[in-house]
Amino acid sequence: MKRLNLIFGAAALAAALMAAPTSADAQDRGPYETNKFGDNWFIGAGGGVNIFWNEGYDVKIAPSVDGYFGKWFTPSVGMRAGYQGLNFNSVKDDNTVKYGYMYVHGDFLWNISNAIGGYKEARFWNFTPYLHAGYFRSYGTDGSDYANNEIAAGAGLLHNLRLTDRLDIVIDMKAIVVNGTVHKASGVALLPSVTAGLSVDLGWPGFTRTSDIIGAVEVAAAEQNAILETAIVALEAANAALEAENSSLKKKNNDLNRTVQNMKKAEEPADAPYVEMQPITVYFGIGKSVLDEFELQHLDFYAKNIIDKVNGDPSVEIVVMGSADSNTGTAKRNQYLSEARGKYITDLLSSKYGIDKANVKVKAEVVKAKTQPEMDRAVVISFK
């Protein structure tokens with residue numbers, strides 16, 4: 001038994017030394033993303049030898065096989081369910097009794113390589129101590145009806161040697177502690193075993209550090225920010241170009257407006273030269289208060305060329321002076337003719353030429369006898 005303890009101790013020491021962290025492993029430490037249900041499962045089987053020990057008994061090697069399946073929940077913690085069995089030898093006084101056995105157990109796994117050295121998916125040697133407990137059944141192989149059922153427990157060491165991403169060589173060193181009644185004895189019995197076999201990883205094998213996820217998110221965010229910043233720069237450049245184009249269009253529009261205004265000014269007629277408005281005289285026949293055709297044309301000429309220039313200007317006052325000669329007719333008749341002639345012209349200016357009567361002042365007079373009385377039968381239109 002001392003030799004067996006030395007073997008287990010040496011294996012544990014070697015595994016701890018190989019799991020010691022290096023500077024390259026430091027980056028693999030830290031919390032990991034919880035894996036999915038179908039990730040990091042494994043299944044395996046192996047064969048080897050065992051020895052059975054109980055106080056007062058000798059030891060003898062016997063064959064043993066095992067099979068198992070399990071799952072890693074983190075890089076360091078996992079569980080598995082397994083079966084171990086075949087035969088063990090009970091030896092006393094050179095008398096060997098062979099028993100058949102089966103051990104169905106559940107294991108709690110602790111990968112010390114990942115726990116101490118940090119997770120490293122490509123590590124060649126992973127060292128995993130574990131605790132186990134389960135149902136142990138022994139039975140006779142000599143045709144007898146002997147059988148015994150017990151609860152057993154113990155500890156073990158797994159050595160996983162990496163062949164590929166999914167395939168490992170597994171060396172399983174296990175010690176089962178069980179009641180000595182399993183071989184018709186008393187006390188506590190010990191069944192150490194060593195098996196070697198293969199283990200296959202199922203599902204997605206591996207773990208992702210949360211810092212890697214955060215880093216990937218940060219990188220994606222940085223890339224997105226860079227894209228957005230590039231877009232913003234492009235939009236700012238496009239906006240500046242639009243502002244420049246808008247300023248250019250405004251300048252062109254202002255220039256065009258100035259051109260149009262200049263063209264309008266060029267098309268406007270020049271201010272008419274100042275014409276001093278002279279009095280207009282139209283003549284009536286004797287005893288008449290209306291103009292004949294000749295005098296109407298005379299009035300029309302002056303009205304269109306001079307009177308129209310003052311039409312609508314409230315600052316201009318038109319004085320219509322009607323007159324008659326004193327050589328013919330009575331004074332009363334002559335006064336009537338003077339007023340009638342003035343009113344006639346005023347009405348004519350208003351109705352025919354659109355001159356506001358508010359701008360017209362009508363006067364009447366009887367002119368004293370002259371050598372040419374026909375010159376006094378008139379209306380004089382003057383301006384103030």
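Of all residues in the range 63-119, those being touching a residue at least 60 places away in the same chain (Cβ under 8 Å), within 30 Å of Tyr139 (Cβ to Cβ) and surrounded by fewer than 21 Cβ atoms within 10 Å (Cβ to Cβ) number 2.
On the stretch given as the range 354-384, residues that are under 19 Å from Pro279 (Cα atoms) and surrounded by 15 or more Cβ atoms within 10 Å (Cβ to Cβ) total 18. Taking the criterion of being in a strand (DSSP E or B) and within 25 Å of Trp204 (Cβ to Cβ), the residues of the range 134-166 that qualify are Leu158, His159, Asn160, Leu161, Arg162.
The residue that is surrounded by the fewest Cβ atoms within 10 Å (Cβ to Cβ), counting only those in the range 335-345 that are among the hydroxyl-bearing types (Ser, Thr, Tyr) and either within 17 Å of Tyr283 (Cβ to Cβ) or modelled with pLDDT under 85 (or both), is Tyr344.
Got a sec? Which of Lys357, Lys343, Lys363 is in the same structural domain as Ser326 (by TED's automatic domain parsing), of a type outside the set (Val, Ile, Thr) and touching a Leu at 6+ places or on another chain (Cβ under 9 Å)?
Numbers: Lys343 fails: touching a Leu at 6+ places or on another chain (Cβ under 9 Å); Lys363 fails: touching a Leu at 6+ places or on another chain (Cβ under 9 Å).
Unique residue meeting the criteria: Lys357.
Among the residues of the range 113-133, which ones are outside any strand (DSSP E or B) and in contact with an Asp or Glu (Cβ under 6 Å, 6 or more places away or on another chain)? Explain how you work it out, then say what you get.
So the first thing to find is which residues in the range 113-133 are outside any strand (DSSP E or B), and the list is 113-124.
Those that are outside any strand (DSSP E or B) and in contact with an Asp or Glu (Cβ under 6 Å, 6 or more places away or on another chain): Gly117, Gly118, Tyr119, Lys120.
Look through the range 149-178, keep the residues that are crowded, with 19+ Cβ neighbours inside 10 Å and more than 59 Å from the chain's Cα centre (by Cα), and return whichever of them is farthest from Ser113 (Cα to Cα). Going through the qualifying residues, I end up with Val178.
The set of residues from the range 78-107 being aliphatic (A, V, I, L, M) and under 60 Å from the mean Cα position of the chain (by Cα) comprises Met79, Ala81, Val104. What number goes with the only condition from (1) β-branched (Val, Ile, Thr); (2) within 20 Å of Phe124 (Cβ to Cβ); (3) in contact (Cβ under 8 Å) with a residue 60 or more places away in the chain that Ile176 does not pass? The number of the failed condition is (2). Candidates Leu191, Leu167, Leu242: the one that is in the same structural domain as Ile112 (by TED's automatic domain parsing) and farther than 30 Å from Lys60 by Cα is Leu167.
The values are calculated or read from the model by the stated rules, or taken from the named source; none is laboratory data. Note that the coordinates shown come from a computational prediction; the quantities given were computed from them, not determined experimentally. We place every Cβ from the backbone using ideal geometry, glycine too, and count neighbours over all the protein chains shown.
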